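Before any comments, here is the structure.
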Amino acid sequence: MSAARAKRAAPARRARRHDPGRRERLLATALDVIAEQGVAGASHRSIARAADVPLGSTTYHFASIDELLAAAFTRHADDVATRFEEQMRAACDREAAVELLVEHLTTALLGSERDLVLSVELYVAAARRPALRAVTQAWMLRSRRALEIHFDPVTARELDALIEGLVLHSALSTDPMAPEQIRHAIRRFTR
């Protein structure tokens with residue numbers, strides 16, 4: 001490389017080093033990689049490549065792949081949980097809560113292939129990785145608290161388990177339940 005070319009390249013490298021949004025971009029990219037390749041395809045190297053950052057950036061911000069996965073899945077869970085909490089708070093009564101629950105399940109969780117894949121990837125990975133089990137536990141707790149706005153704690157916990165089962169069933173079935181069937185199941189359960 002000529003000296004003039006090296007001089008021109010140097011400012012670009014310096015500008016790239018100061019990247020205050022890099023950690024957040026790595027988390028978003030990690031979710032993209034997981035959605036496309038699964039947890040098995042998510043490594044420091046694959047995420048750095050997809051984010052177009054040096055490999056050292058991922059290890060600088062996240063000491064281990066488990067730490068990176070936990071942070072990325074926490075971001076995903078927080079996003080879904082926040083939307084769910086908003087819907088449950090918007091319901092004026094239990095009947096409205098059931099309808100919003102069906103809507104959340106059929107549009108937010110099952111209506112987005114990406115969100116569905118991310119959720120299932122988290123469930124599977126959490127079965128083997130304790131750091132990710134903490135993410136699922138926190139997500140379930142938030143879901144139950146949101147449900148408790150309209151349902152007693154025991155019903156909220158059982159309803160949350162039903163929702164998780166419906167998500168897995170829909171993800172794995174070649175003949176998933178239609179929204180009307182989901183509505184019927186939730187109504188039947190909450191009578």
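The values are calculated or read from the model by the stated rules, or taken from the named source; none is laboratory data. Worth saying up front: this structure is predicted, and the values here are computed from it rather than measured. Please note: Cβ atoms are built from the backbone with ideal geometry, for glycine as well, and neighbour counts cover all protein chains shown. Ligands, DNA and RNA are stripped out before the accessible areas are found, and what is left, the full protein with its side chains, is counted by its heavy atoms. Shrake-Rupley method; radii C 1.70, N 1.55, O 1.52, S 1.80 Å.
Summary table below
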{"item": "Residue count for the stretch 164-191, restricted to those that are assigned to a helix (DSSP H, G or I) and surrounded by 11 or more Cβ atoms within 10 Å (Cβ to Cβ)", "result": "18"}
{"item": "Helices (runs of 4 or more DSSP H) lying entirely in the stretch 36-154 (those with 3 or more residues that are among the acidic types (Asp, Glu) and open to solvent by 70 Å² or more (accessible area, probe 1.4 Å))", "result": "65-90"}
{"item": "Ser173, sole failed condition from (1) over 22 Å from Thr74 (Cα atoms); (2) modelled with pLDDT of 95 or more; (3) not charged (D, E, K, R)", "result": "(2)"}
{"item": "Every pair of residues 6+ apart whose Cβ atoms lie under 7 Å, when the first sits in the stretch 28-51 and is in contact (Cβ under 8 Å) with a residue 12 or more places away in the chain and at negative phi while the second is of a type in the set (Asp, Glu) and buried (at least 21 other Cβ atoms within 10 Å of the Cβ)", "result": "Ile34/Glu121; Val39/Glu121"}
{"item": "Index of the failed condition, Leu159 passing every other in (1) farther than 24 Å from Ala40 by Cα; (2) part of a helix (DSSP H, G or I); (3) open to solvent by 60 Å² or more (accessible area, probe 1.4 Å); (4) of a type outside the set (S, T, N, Q)", "result": "(3)"}
